[in-house]
Amino acid sequence: MRLKGKVKSYIREKLNDGKVIHFSLFDPDKVDENQVYYLGKKLVEAGTDAFLIGGTLGVSQEKLDKIISSLSEFGLPTIIFPSNVNLISSKADAILFMSLLNSDDLYYVVGAQLVAAPIIKKLGLEVLPTAYVIIGHGGTAAHVGKARVIPYENTELILAYSLMARYMGMEFIYLEAGSGAPKTINPLAIKTVKSNVDDAIIIVGGGIRDEESGKLLASAGADIIVTGNIIEQDSEKALKIIKEIKSMRRK
């Protein structure tokens, strides 16, 4: 079952039901394509709501398409998490149309988006307008994207970026600590953004290694929680995190 054109409504329906949403992130360069279906099945059984597919380095179009095709069999949304214009595929249901707002390089703010827009239109991908804000550790995404990383504790600046994004019409705000981050986004920052930014869907990722950290982020007001590295490193722990997140109600 394909969900092209229906992903945003799928997300909003789950949020309206008071559910915290979980996205499983697959980096095609790091996952064994022969194990994707088996791993995806376990994630679906644990309660994940959608699949994000993307990576910062080393992703080929062929492998991207194979991963998306395997995950599409479960009937959940397949959403591209792009790092550049090479990560666009007609096989996905939707794409996070992201602007890295705190990049010092205009290419990552509007340049890649300009190149990608006509391609996305031709492929008929559903677009999820997303502000991408990198905080704290930042990881490879911060380095490649030339982000002026916001300190973990600077809640005021995180809020300012989030407000700016919403006033510019972006519907999703992705607060990213980075792949392999030593800790998650500060729950206080999430609570502050959620309390002050109206009608935005808050996505949070990076540094989530156990059930307690996922629970804290959900309790702070995260609408969507993303786990990626832990799925590749310890799938059993990832399943526990998903089950904990899915047991909670939105604040």
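For every other residue with a beta carbon closer than 14 angstrom to the beta carbon of residue 159, add +1 if it is Lys or Arg and -1 if Asp or Glu, then tell me the sum.
0
Please report the carbon-and-sulfur percent of the accessible area for the chain; probe 1.4 Å, protein heavy atoms only, DNA, RNA and ligands left out.
52 percent
Work out from phi, with θ = phi - 60° and the Karplus expression 6.51 cos²θ - 1.76 cosθ + 1.60, the ³J(HN,Hα) of each residue of segment 218-226, listed in order in whole Hz, and give x for Gly and Pro.
For segment 218-226, the Karplus curve yields 5, 5, 6, x, 4, 7, 10, 10, 10 Hz.
Just the number: Rg to Rh for segment 192-251, Cα atoms, Kirkwood Rh, two decimals.
0.99
To the nearest 500 deg cm²/dmol, what mean residue ellipticity at 222 nm is calculated for the chain from DSSP H runs of n ≥ 4 alone, each contributing -39,500 (n - 2.57), summed and divided by the residues?
Counting only the DSSP helices, I get -12000 deg cm²/dmol.
On a 32 Å Cα-Cα criterion, which of the cross-link pairs 63/191; 91/191; 4/215; 63/246; 8/66; 30/121 come out too long?
Violating the 32 Å Cα-Cα cut-off are 63/191; 91/191.
Determine the dipole magnitude for the chain: charges of +1 sit on the beta-carbon of Lys and Arg, -1 on that of Asp and Glu, nothing else is charged, the reference point is the Cα centre, and the result goes in debye to the nearest 20.
I would put it at about 520 debye.
What does the net charge come to around residue 64 if you take all other residues with beta carbon closer than 15 Å to its beta carbon, with K and R at +1 and D and E at -1?
Local charge sum for residue 64: -3.
Using a Förster distance of 51 Å, how high is the FRET efficiency between residue 154 and residue 63, based on the Cβ-Cβ distance and rounded to 0.05?
0.85
Given 0.36 nm per residue, what is the gain on full extension from residue 219 to residue 196 after removing their alpha carbon distance, in nm?
Answer, rounded to one decimal: 6.7 nm.
Once you place label points 7 Å from the Cα toward the Cβ at residue 122 and residue 32, how far apart are they in nm?
3.7 nm
Estimate the FRET efficiency between residue 104 and residue 164 by the formula 1/(1 + (r/R0)^6), using the beta-carbon distance for r and 22 Å for R0, to the nearest 0.05.
0.85
Quick one: Debye curve from the alpha-carbon atoms of the chain only, equal weights, vacuum; give me log10 I(q)/I(0) at q = 0.17 Å⁻¹ to two decimals.
-1.39
Rounded to the nearest Å, what's the spacing between the alpha carbon centres of segment 133-169 and segment 25-84? Just the number, please.
Rounded to whole Å, the Cα centres lie 25 Å apart.
So what does the Cα-only Debye profile of segment 1-66 read at q = 0.12 Å⁻¹, as log10 I(q)/I(0), no solvent term?
-0.38
The values are calculated or read from the model by the stated rules, or taken from the named source; none is laboratory data. As the structure is a prediction and not an experimental result, all values here were calculated from the model. Note: ideal-geometry Cβ built from the backbone for every residue, glycine included; neighbour counts use all protein chains shown. Protein only, heavy atoms only, side chains kept; ligands, DNA and RNA dropped before computing areas. Shrake-Rupley method; radii C 1.70, N 1.55, O 1.52, S 1.80 Å.
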